[in-house]
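Right, one structure below, let's go through it.
Every read-out reported here was derived from the displayed coordinates using simple, explicitly stated rules and does not represent laboratory data. All values reported here derive from a predicted model rather than from experimental measurement. Note that we place each Cβ from the backbone using ideal geometry, even for glycine, and neighbour counts take in every protein chain shown.
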Amino acid sequence: MIDLRSDTVTRPTAAMRAAMLAAEVGDDVYGEDPTVNALQRRLADELGFEAALFVPTGTQSNLLALMSHCERGDEYLVGADAHTYKFEGGGAAVLGSIQPQPIPHDADGSLPLDKVAAAIKPVDPHFARTRVLALENTWHGRVLPLDYLQAAHDFARECGLGLHLDGARLFNAAVACGVPARAIAGHFDSVSVCLSKGLGAPVGSVLVGSAALIDKARRWRKVAGGGWRQAGILAAAGQYALDHHVDRLAEDHRRAARLAGRLREIAGIDLLGQYTNMVFVDVPADRLRELDVHLREAGIRISIGYLPTLRLVTHLDIDDAGIERTAEAFRGFFARG
Ligand SMILES: *Cc1c(COP(=O)(O)O)cnc(C)c1O
């Protein structure tokens with residue numbers, strides 16, 4: 001199967017499974033899992049932060065970050081089409097009593113700072129207290145410009161806002177920019193990174209921040225039911241992913257570009273863009289279901305949930321042959337009219 005639905009579908013490689021099998025473990029609620037501790041130390045150091053917390057999901061990581069920055073009745077500013085706002089069940093509002101203030105994105109995924117400034121509430125009993133600005137990088141595959149990150153950092157400092165990054169795909173952004181991840185992460189007060197996307201670990205995200213912020217996050221993780229025990233088995237997969245699967249993200253980007261190039265030549269497909277490991281195409285809405293069936297028969301899975309735009313995602317389990325087979329299957333479908 002060539003599964004282009006998401007980079008979350010990757011399966012742990014044999015070498016990653018071997019690393020998991022060999023992991024030293026302990027009870028992480030007692031802070032005694034050496035492999036978890038090593039993963040946390042390593043990412044904190046690598047990204048330039050005091051501390052880190054290993055958590056089951058990116059959704060929980062973002063939630064804990066917001067709950068650690070904010071108190072009940074506070075507000076966070078966030079992209080109207082950001083994962084944290086739109087795809088996390090409203091968790092910050094539901095569980096944190098934190099009000100979201102969505103801001104429309106520019107096409108490159110940035111939030112225009114003049115619009116952000118206009119959304120900050122005055123200090124007055126009528127209003128929620130605006131506390132944090134949350135950005136996302138990459139956003140739908142798009143890499144936020146480095147000079148924008150610098151501007152957002154300066155702006156947040158000036159306004160006294162915390163700055164959080166949903167960096168589910170931080171390493172895709174870093175590889176695409178040709179900079180170390182800390183050159184991106186260093187602009188923020190907290191960063192959430194997914195190990196379970198393109199990095200290919202089966203489970204896990206890491207939140208990095210100050211020691212004080214991570215202490216709060218650890219408590220909220222327990223409250224959220226996320227305190228875990230011999231999690232070193234999973235942390236070992238994360239360590240393996242950071243050792244072996246970061247630089248290779250460039251291959252995913254190259255393959256996405258190649259797939260985009262092939263699809264662009266096919267009449268009937270409107271190629272909307274390719275950003276890092278994602279390709280976006282428009283196909284006539286009335287043909288999507290039929291296309292899905294045709295591709296399944298060719299051993300290819302796509303997600304048609306996002307009508308009418310198709311998102312095709314490259315990852316660890318998609319090789320060059322997979323790209324060619326996919327392009328041929330699309331060509332076959334549109335050739336038959
Ligand atoms: C996947 C993703 C998350 C959340 O990760 P889960 O582990 O699925 O909860 C957060 N933000 C972005 C941008 C993502 O793509």
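Numbers below:
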item: Longest DSSP-loop-exposure-free segment, trypsin sites (Lys or Arg not before Pro), the chain, at most 11 other Cβ within 10 Å; result: 73-335
item: Highest-MSF residue in the chain out of Leu163, Leu195, Leu146 [GNM, Cα springs under 10 Å]; result: Leu146
item: Distance in nm between pseudo-label sites at Asp124 and Arg248 (7 Å out along the Cβ direction from Cα); result: 5.6
item: Antiparallel %, DSSP beta bridges [both residues in region 67-198], to 5; result: 5
item: Equivalent ellipsoid semi-axes, region 17-113, via Cα gyration tensor eigenvalues times 5, rooted, Å; result: 32, 16, 13
item: Choice from Gln40, Gln150, Gln239 with maximal GNM fluctuation in the chain (Cα, 10 Å cutoff); result: Gln150
item: Efficiency of FRET between Asp270 and Asp147 - r from beta-carbon atoms, R0 25 angstrom, step 0.05; result: 0.20
item: DSSP beta bridges in the chain [antiparallel fraction, %, rounded to 5]; result: 50
item: Residue among Ser303, Ser61, Ser205 with the largest mean-square fluctuation in a Gaussian network model of the chain, springs linking Cα atoms under 10 Å; result: Ser303
item: Simple Cβ-charge dipole of region 289-332, Lys/Arg +1 and Asp/Glu -1, about Cα centre, in debye nearest 20; result: 220
item: Among Ile2, Ile233, His294 - extreme Cα towards positive end, dipole of the chain, charges at beta-carbon; result: His294
item: Antiparallel %, DSSP beta bridges [both residues in region 150-256], to 5; result: 50
item: In nm, spacing of pseudo-spin labels at Ser6 and Ser303 (7 Å Cα→C-beta vector); result: 0.5
item: Student exercise, region 106-244 dipole from Lys, Arg, Asp, Glu Cβ charges, in Debye to nearest 20; result: 720
item: Only Lys, Arg (+1) and Asp, Glu (-1) charged, at Cβ; the chain dipole about Cα centre in debye; result: 520
item: Set of region 224-241 residues, backbone N closer than 18 Å to the point 7 Å along the Cα-Cβ line of Arg17; result: 233-241
